[in-house]
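**Q** Please see the structure below; I have some questions.
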Amino acid sequence: MSRAAIRYAKAILETAVSSGKASQVNEDMKNIVATVEASTDLKEFLSSPIIFPSLKMNALTQVFGSVQAETKSLFKLLQENKRFEILAAIASQYNIQFDEMNGVEVAKVTTAFPITADLEAKILAKAATISTKKITIQNTVDPSIIGGFIMRIGDKQYNASVSNRLQELKREFSN
């Protein structure tokens with residue numbers, strides 16, 4: 001994450017908070033992150049040095065036509081500074097700063113299959129012992145962990161995966 005992206009995100013967050021639209025802009029930023037991540041063409045288009053900033057600006061206003069005025073002002077700023085390549089990083093950083101401001105922490109949870117309501121309850125219970133903040137779950141599916149889950153909150157990790165338990169047993173038997 002570039003320092004520039006963090007600074008842009010902080011500036012947009014301050015502007016959005018002062019205008020009372022921080023949560024609407026947060027939705028814009030989530031949409032931008034998802035759209036740019038889903039489209040390799042858009043990512044390459046935004047980072048291409050041979051495409052004029054005015055063309056990038058036109059494309060963004062077409063793709064993200066219904067965004068808040070604060071988000072459009074970010075587009076204008078990126079056009080002036082020729083920094084469209086960091087748009088997704090700014091949007092992602094905005095989401096992080098917005099969550100911090102609202103006392104929300106993201107738990108990155110890896111499971112062997114999509115989370116069920118029962119497993120989500122267990123994960124949230126475990127998360128409450130690690131963090132005092134409100135937790136939102138970001139799920140990644142990785143069949144190689146066999147079962148259970150791996151949870152990461154900030155710099156703390158809790159590994160309750162079957163593959164981890166098998167590794168522990170293997171180490172015990174080899175000693």
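The values are calculated or read from the model by the stated rules, or taken from the named source; none is laboratory data. Predicted model only: the values in this text are computed from it and were never measured. Here the Cβ positions follow ideal geometry from the backbone for every residue, glycine too, while neighbour counts run over all protein chains shown. Each accessible area value is taken on the protein alone, full model and side chains, heavy atoms only, with ligands, DNA and RNA left out. Shrake-Rupley method; radii C 1.70, N 1.55, O 1.52, S 1.80 Å.
**Q** Could you count how many residues in segment 48-70 are assigned to a helix (DSSP H, G or I) and either surrounded by 15 or more Cβ atoms within 10 Å (Cβ to Cβ) or not polar (S, T, N, Q) (or both)?
**A** So the answer is 9.
**Q** Quick one: in segment 152-174, of everything that is under 31 Å from the mean Cα position of the chain (by Cα) and among the charged types (D, E, K, R), which residue is most open to solvent (accessible area, probe 1.4 Å)?
**A** For segment 152-174, the residue satisfying everything is D155.
**Q** Out of A5, A16, which single residue is open to solvent by less than 20 Å² (accessible area, probe 1.4 Å), outside any loop (DSSP other than H, G, I, E, B), in contact (Cβ under 8 Å) with a residue 40 or more places away in the chain and closer than 16 Å to M101 by Cβ?
**A** From the options A5, A16, the qualifying one is A16.
**Q** Just one of V33, V63, V25 is closer than 27 Å to Q138 by Cα and more than 19 Å from the chain's Cα centre (by Cα); which is it?
**A** V63
**Q** Sticking with this one: Going through T110, T132, T140 one at a time, which residue ends up being hydroxyl-bearing (S, T, Y), open to solvent by 80 Å² or more (accessible area, probe 1.4 Å) and either more than 18 Å from the chain's Cα centre (by Cα) or at pLDDT 90 or above (or both)?
**A** That would be T132, the only listed residue that is hydroxyl-bearing (S, T, Y), open to solvent by 80 Å² or more (accessible area, probe 1.4 Å) and either more than 18 Å from the chain's Cα centre (by Cα) or at pLDDT 90 or above (or both).
For every residue, the table says whether it meets (1) open to solvent by less than 60 Å² (accessible area, probe 1.4 Å); (2) acidic (D, E); (3) in contact with a Ser or Thr (Cβ under 7 Å, 6 or more places away or on another chain).
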site: E105; (1), (2), (3): yes, yes, yes
site: P114; (1), (2), (3): no, no, no
site: I123; (1), (2), (3): yes, no, no
site: I150; (1), (2), (3): yes, no, yes
